[in-house]
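Okay, structure first, notes after.
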Amino acid sequence: MRAIRVHETGDQRRLAIEEAPAPVPRETQLLIRVKATSVNRADLGRGPAGDRGREGPFIPGLDVAGTIEAVGSQVQGWRVGDPVMALVSQGGYAELSPARLPLAHRPPEGMSAVEAASIPCVFLTAWYALTEAMHARPGETVVIHGAGSGVGTAGIQLARLLGARVITSAGSDVRVARGMELGAEAGVNYSRQDLASELMRLTGGRGVDVVLDSVGGQVFDATLRALAEGGRMVTIGGPAGPKSEPDPEELRRKGQVVQGMGVYGYVQADTEGRGWAQLNKWFEEGVLRPVVDRVLPWTQVETAHRLLRERKVFGKVVMTLEG
């Protein structure tokens, strides 16, 4: 099969479409013939920088959509040729990608492979962050940082559908405005406004109840100062840089929770698939939608990565396996 593989030598990183060994699905896996794959920020740094034990070239990619090529011997309910979308731990930038059953789903009715490929990582992350990690409740004030990120565009829509009052943030007025179009009631441009002061003003001095932070750095630090008593904050990544370490005693005194999260454990723990069942219902009802900024052929993977790295994307970049 062909795949995009990352070759790293010291600080040099090169992406190349080349022949690679085709994966063989395990007993409980599906093998997917990939039509489209989307780019996530994690793809930009996978390899020795984040995994010093890795040797040789590797295939990045967390989101895939396509059709079933083969099924493992213990798989039931799936047939060769069925449409499928999946969250994979690695290997999505390839013509063939294996997926574990709890992480594979049928796309919403009528949805294209391009749109489906933009969904798994960011919508499942935002769903489990809001519902399982933070237990967001109707009427609470929820802050979704990074309005233009994949998790941000998903989180704004989901928090609104969960009945929350949504505030978003971004580094430009245009991105804040687009976040408000997705359902946020208010927004803060943290590049020119004092984030902590604005969050306190927008909540009448009470502070915010729930925060989904995919930005980090000073945005995290400022938000922590505006977290209400009993507030909960989940951090996912941190492209804006390192953040301060919260004072455990202060958190206990205020009944606050600050934690990181990984989506894979939450998805696999949801053995009945209730999370995706709800998301799928909302997609098919048209009240939830994927946000795809642009579609590129996978031959332009370097461009796709550069656009994401330079934050010139609102939502997701999807690559099609053409050419």
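The values are calculated or read from the model by the stated rules, or taken from the named source; none is laboratory data. These numbers were taken from a predicted model, which means no experiment stands behind them. Ideal geometry is used to build each Cβ from the backbone, glycine not excepted, and the neighbour counts take in all protein chains shown. Just the protein is used for accessible areas: all its heavy atoms, side chains included, with ligands, DNA and RNA removed. Shrake-Rupley method; radii C 1.70, N 1.55, O 1.52, S 1.80 Å.
Remarks
- With respect to the conditions (1) open to solvent by less than 40 Å² (accessible area, probe 1.4 Å); (2) outside any loop (DSSP other than H, G, I, E, B), A136 falls short on a single one, namely (2).
- Residue pairs whose Cβ atoms lie under 7 Å apart, separated by 6 or more positions or on different chains, with the first residue in region 301-315 and outside any helix (DSSP H, G or I) and the second of a type in the set (D, E), are V313/D293; F314/D293; G315/D293.
- Meets criteria (closer than 24 Å to G66 by Cα, touching a residue at least 60 places away in the same chain (Cβ under 8 Å) and part of a strand (DSSP E or B)) for V318: yes
- For region 133-145, the criterion of a residue being touching a Gly at 6+ places or on another chain (Cβ under 9 Å), at pLDDT below 95, hydroxyl-bearing (S, T, Y) and closer than 26 Å to G262 by Cβ is satisfied by no position.
- Close contacts from region 248-277, counting a first residue that is in a helix (DSSP H, G or I) and a second that is open to solvent by 70 Å² or more (accessible area, probe 1.4 Å) and of a type outside the set (A, V, I, L, M), with Cβ to Cβ under 7 Å and a gap of 6+ residues or different chains, come to K254/E229; Y266/E132.
- Per-region count, region 172-199, residues touching a strand residue (DSSP E or B) at 6+ places or on another chain (Cβ under 7 Å) and part of a loop (DSSP other than H, G, I, E, B): 5
- Qualifying residue in region 212-225 (condition: of a type outside the set (V, I, T), modelled with pLDDT of 95 or more and open to solvent by 30 Å² or more (accessible area, probe 1.4 Å)): yes
- When V114 is tested against (1) assigned to a helix (DSSP H, G or I); (2) more than 30 Å from A22 (Cβ to Cβ), exactly one condition is not met: (2).
- Of the criteria (1) at pLDDT 90 or above; (2) open to solvent by 30 Å² or more (accessible area, probe 1.4 Å); (3) among the small types (G, A, S), which one G237 fails: (1)
- Within region 295-323, the set of residues being surrounded by fewer than 18 Cβ atoms within 10 Å (Cβ to Cβ) and under 18 Å from G179 (Cβ atoms) comprises R311, K312.
Yes/no per residue for (1) crowded, with 20+ Cβ neighbours inside 10 Å; (2) at pLDDT below 95; (3) touching a helix residue (DSSP H, G or I) at 6+ places or on another chain (Cβ under 7 Å):
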residue: Q193; (1), (2), (3): no, no, no
residue: T203; (1), (2), (3): no, no, no
residue: D209; (1), (2), (3): yes, no, no
residue: G241; (1), (2), (3): no, yes, yes
residue: S244; (1), (2), (3): no, yes, yes
residue: Y266; (1), (2), (3): no, yes, yes
residue: K281; (1), (2), (3): no, no, no
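- Residue count, region 139-160 (criterion: part of a helix (DSSP H, G or I), over 23 Å from L308 (Cα atoms) and open to solvent by 10 Å² or more (accessible area, probe 1.4 Å)): 1
- Residue in region 161-169 that is under 19 Å from the mean Cα position of the chain (by Cα), surrounded by fewer than 24 Cβ atoms within 10 Å (Cβ to Cβ) and touching a residue at least 24 places away in the same chain (Cβ under 8 Å) present: yes
- When region 43-102 is limited to residues that are in contact with a helix residue (DSSP H, G or I) (Cβ under 8 Å, 6 or more places away or on another chain), in a strand (DSSP E or B) and surrounded by fewer than 20 Cβ atoms within 10 Å (Cβ to Cβ), the one that is modelled with the lowest pLDDT turns out to be R100.
- Residue count for region 2-42, restricted to those that are modelled with pLDDT of 90 or more and either among the hydroxyl-bearing types (S, T, Y) or at positive phi (or both): 3.
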